[in-house]
Structures are given as C-alpha cells and as structure tokens.
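Shown next, in structure tokens, is the structure this report addresses.
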Amino acid sequence: MSVLSLAAILAESARKYPQKTAVIDAGVHYSYAALWQQARSYAAQLKDAGLAPGDVAGIMSPNVVEFPRAYYGVQAVGAVVVPVHLLLTVQEIVQVLRDSGTKLLICHSAFLKVGAAAAREVRIPLLVAGPLPENERVSLTVLDPDAPQEADSYAPRSPEDPAVIFYTSGTTGKPKGAVLTQLNMVMNATVSAVDANDVRTDDIALGCLPMFHVFGQTASMNAIFRLGATLVLLPKFSPEAALETMVAENVNVFHGVPTMYMQLLAAAKDREDLPKLRLCVSGGASMPVAVMEKFNATFDVTIYEGYGLSETSPVVCTNSPASGVKPGTVGPAIWGVEVQIADHTLPERLEFVPNGQLGEIVVRGHNVFAGYLNDPEATAAAMTEDWFHTGDLGTKDDDGFITVVDRTKDVIIRSGYNVYPREVEEVLARHPAVMQVAVIGLPDELRGEEVCAVIKLEQEYVQNPPSAEEIIAWSKEHLAKHKYPRVIRFIDQIPLGPSQKVLKRELRNTYSGQ
C-alpha cells in the first residue's frame, strides 16, 4: 500500500532540523527532535491505553505544547483525531464523542471539569495532558511526555484513510463531522506552505488561531512544521498579549481572522514598538477592505486574504506573493484545486456561469473531504460528482480571482430584492466611527426582511457616539435605496464563536423581537 501520514510532517522536520525550535510555549523552546520524541512517547502510552490504527481519539486542548504532542502522537499510532472545541458544553462534547465513535479522550488539565464529565457519560477512558497537582494525579491517567517508552516511528496509512474529523459549528442544526483524509490534510498543509503562503524555514509564526479549528491546524501548525519553521503558541488571544508576544519572540508571520486584525489595529494605537511582520494571512470570514488598508499601512505589511471551509481542509484559494493581491477578493484557486461558479438557481444540476456572474462557489481537488461521518444524505446533498457545494455566493474574474459575496443563508431579501450583507458591511466599515459591523436581516411584515447594521464603535467615539439617524443618512449616500440599513443597533462587543467568527445567528435572535 502507498504510505502517507500527517505524522510525517513532524517526523521529517525532526530528521532535517533536529535542533531547530519547533514550538515556543510560555517562553520555553522545544526543538523538532524533542517534540517528535515526546509525540512518540505519547503514542506508546496511547497504544497501552488501547488505541489502535483506525480508532478515533478526541483531543481537547488549548494552544499549548500538549496539543501538537497529542495530535502527532495520535497520528503516529495511525489513529484519527477529533479536535474538540473548547467552548462546548458537556452535552455538546458528548454528542461529538458519540457521533465520532471516539475510543478515548485526551484532555488538557485546564479543561478537566467538562472533559472528564463528557468522557464519563460516554464511558471512554480519559487521558490527561498538562500539569496537575500531585494530589489530583492519583485517580487519573496522566500522559508523560518524558516516559522512556517511545513508538519507533509512525504507523503506515493510505492516502484515503481518515486523518481528522472536524465537527462543523452547527449553524444549520446539529454539528456534522467532516472527514478529512491523510491526502487532504498533508496536501493542504504542503500547498499552503510551499505554493500559497510562502512559508520559509526561518519564519517565526504566531499560533493564536485555535488549533482545534481547521484554519489554525492546517495553515498555522501543519504548514509551519512542514518547512521546519517556528510556531509561537498563544493559548488565549488578546490583542495586547499578541503584540507583546510578537515583539518579544521576533514573530514575522501572523495568521488570523478579520476580527483579530481589527483588534490588533485598535491596540496598536497605544504602542510605539510594533512587530516587524513579513507575512500576514487572513481567512475564516471576509475582511473589509478598509480594515486591510489600515492594517497594511500601520504594520507596513501586505495581508493575503484567502478562503476555505472545514470540508476543504480548509484552503481553497488565496491571494499570495506569487499571484499578487486584489483587495476584496480571496485570490485564485490554490495549486491542484479547481474553483467554478455554478448557477445557484438550478440546485438540481451543475451549470457553470460566465466570469463576472454571481453564483454558488463549487470546488474540486485534493482538498475536498471524504464526506460527512454517518450522514450519507448530507454528503450527497453537498456533492455533485466531484464538486463540493460550498453554500457561498461569489464571482470569478477573468484572472481566476474569486470574490465571496455572502453565505446563501445570510442573504437578505428586502421587498423582493437581494441585499448582500458583506457589501453593506464594506461600505459601513469606512465610516470613521465604525470599528466593526455586522449586517443582518430582521423580520419585517411589510418588506419580508429589513436591513439592520449592528455596530461596535471606535474607542474615541464611545463617549460622543453618532446617532442611528446620522449613520443611516451617511449610508444612504453610499448605498442603493434597497441596500442601506434602516435599523442601527450599537453594541459593546459583537459576539464571536470559538474561531473568532461573528455569530450572526445570535445577533438575529437578539434583535428580531425589538
């Protein structure tokens, strides 16, 4: 059988760059040789606990060194990783563990309260990673990174074997497990590092995107390790901590979602010493062009915006040093992947539309998942032959650059006219008082839906804010009659999910009755 394993990403870099720093966690440096040795030590202990090739292991850990140890340890066994979101309730964790058939749960000591309760309910072994007080160690199985036994290497896997199962956020119902194969994950990390993001062996990247999420796992951890660069781990993102860490550790690469860039911009106003960044990558949601322009000017860098989904490992397309940048777009398809725009009014068949015309973004290539676990109906609905239906609306220009207009489910239909929230957000983001904005549709008896803008103000405008009427009058000058918001809501903090995406469903629930 042909052999392909995610474990090779760490194993090969440990062979090529044994003494180079792979991870910096709370100021402690771990070399590639040490990290791979610790992962193999975890692998031996996981085998002793009954984990076998093809089994599923849950990992519940923040961005600390225990995450890559456990992740590559599970891969070395030849088992499948299920990363568990850290903000889930016990019952939500139970649902993920049961649906995936998880054999055991590796839980960081900081999350034992929920992790242990979930493991008990599912009746699976719990293995603890991370520091524990001596009096708590008695009744728990604690993984020891320095245990003398180690797996010799890693178990052979075939390209089609599952590597990771990512559970989607469940915005349209219960979460679904997207099965990513060894080929999906290894290729996406390799293409991200080599072709898309121009990773260099001497790079030092900030790992602040949660590694339980596909963006942080592929674009940060796997892609950085693929070329032997260094990852500085930040367990909890705050803009102040991120800037401090980047300056202290000479970080020159930053991966983030737009809300992180907005927060870094705000925090940068009070600082003289800013990190010297070489490469910035944005994904996870659309970045307002106004934010991109401000960040590029403040940090003297170019943000390369890309696009992807859990089901596509995740990277589909991106602006890059090779392709150049068209602000407002997410760039062309990455190497080995094809992107087309299909007629979204004809869901029963696949019909591509001409360049420049709006339609649904569909994808095929080495990044497309194997399907939804235990859900053949959802898999069939998402695929037409080899093409994956993203559910996102967009356009493609003559150079192949993709523009994501909006999620199909977020489109507002006002008096029969389609209003795309992203377009309205792009305009409102240029208002001097607006730090962050989310546009949603609210139920309206007369028009079906009304356009509502939920706004977080720039700090200097909090004491003397503009009125809703002023914002409406301003947007009326910049947007067509059916597009400008008639409802404005000011908010101290726009709600974000575990991966820092705006929770529009929560905003709709909050403001629908007002």
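What's the center-to-center distance, using Cα atoms, between region 470-514 and region 96-152 in Å? Cα centroid of region 470-514 versus Cα centroid of region 96-152: 42 Å apart. For region 46-107, the calculated P(r) over all alpha carbon pairs, in 10 Å bins from 0 to the bin holding the longest distance, is 24, 55, 21 percent. The length gained by stretching the chain between GLU460 and LEU274 to full extension, at 0.36 nm per residue less their Cα-Cα distance, is 64.8 nm.
For region 178-195 versus region 228-244, the spacing of their alpha-carbon centroids is 23 Å.
Here the alpha carbons of region 250-396 define both size measures, Rg and Dmax, at 17.6, 57 Å. What the Kirkwood sum gives for the chain is a hydrodynamic radius of 23.7 Å, with every pair of different alpha carbons counted. If you find the alpha carbon centre of region 304-361 and of region 436-468, how far apart are they in angstrom? Between the Cα centres of region 304-361 and region 436-468 lies a distance of 29 Å. By other beta-carbon atoms within 10 Å, ranking MET60, MET435, MET246, MET383 with the fewest at the front produces MET383, MET435, MET246, MET60.
So how tilted is helix 468-478 from the main axis of the chain? Cα-based, degrees 0 to 90, rounded to 10. Taking Cα atoms only, the helix is inclined about 80 degrees. For the chain, the relative contact order works out to 11 percent when only alpha carbon pairs closer than 8 Å and six or more residues apart are counted. Remark: spin-label model distance GLU445-ALA381 equals 3.3 nm, labels positioned 7 Å along the Cα→Cβ axis.
Using a cut-off of 14 Å between beta-carbons, work out the net charge of the residues near ASP386 (Lys and Arg +1, Asp and Glu -1, ASP386 not included).
Numbers: positive: ARG364; negative: GLU311, GLU338, GLU385.
With Lys, Arg at +1 and Asp, Glu at -1, the neighbours total -2.
Would you mind ranking LYS176, LYS326 by Cβ crowding within 10 Å, fewest neighbours first? It would help to have the intermediate numbers written out before the result.
On the way: LYS176 24, LYS326 16.
Ranked by crowding around the Cβ, least crowded first: LYS326, LYS176.
By the helix-only formula, in which each DSSP H run with n ≥ 4 contributes -39500 (n - 2.57) and the sum is divided by residues, the chain has a 222 nm mean residue ellipticity of -8000 deg cm²/dmol.
Roughly what angle does helix 66-77 make with the longest principal axis of the chain, taking Cα atoms, 0 to 90 degrees, to the nearest 10? The angle comes out near 60 degrees. Each peptide in 112-122, 413-423, 32-42 was scored by the mean count of other Cβ atoms within 10 Å over its residues; highest first, the order is 32-42, 112-122, 413-423. Would you mind classifying region 412-511 by shape? Square roots of the alpha carbon gyration tensor eigenvalues, ordered a ≥ b ≥ c; an a/c under 1.5 is rounded, otherwise it is prolate if a/b is larger than b/c and oblate if not. Here region 412-511 falls in the oblate category. In the structure shown, the pairs LYS456/LYS481; LYS269/LYS476; LYS174/LYS456; LYS276/LYS326; LYS456/LYS501 are assessed against 19 Å; a Cα-Cα span above that value is assigned to LYS456/LYS481; LYS269/LYS476; LYS174/LYS456; LYS276/LYS326.
Arranged by the count of other C-beta atoms within 10 angstrom, fewest first, what order do TRP387, TRP335 take? Write down the numbers at each step before the final one.
On the way: TRP387 20, TRP335 14.
Least crowded to most crowded, the residues run TRP335, TRP387.
Provide the percentage of antiparallel DSSP beta bridges, counting only those with both residues in the chain; round to the nearest 5. Could the numbers behind the result be given before it?
Values: 48 of 83 bridges.
Looking only at bridges with both residues in the chain, the antiparallel portion is about 60 percent.
Of the GluC sites (Glu not before Pro) in region 213-283, the ones in a loop by DSSP (not H, G, I, E or B) with at most 15 other beta carbons within 10 Å are GLU272.
We did not get these values from a lab; they are worked out from the coordinates using the rules stated. Small disclaimer: the values here were computed from a predicted structure and weren't measured. So basically every Cβ, Gly included, is an ideal-geometry build from the backbone, and we count neighbours across all protein chains shown.
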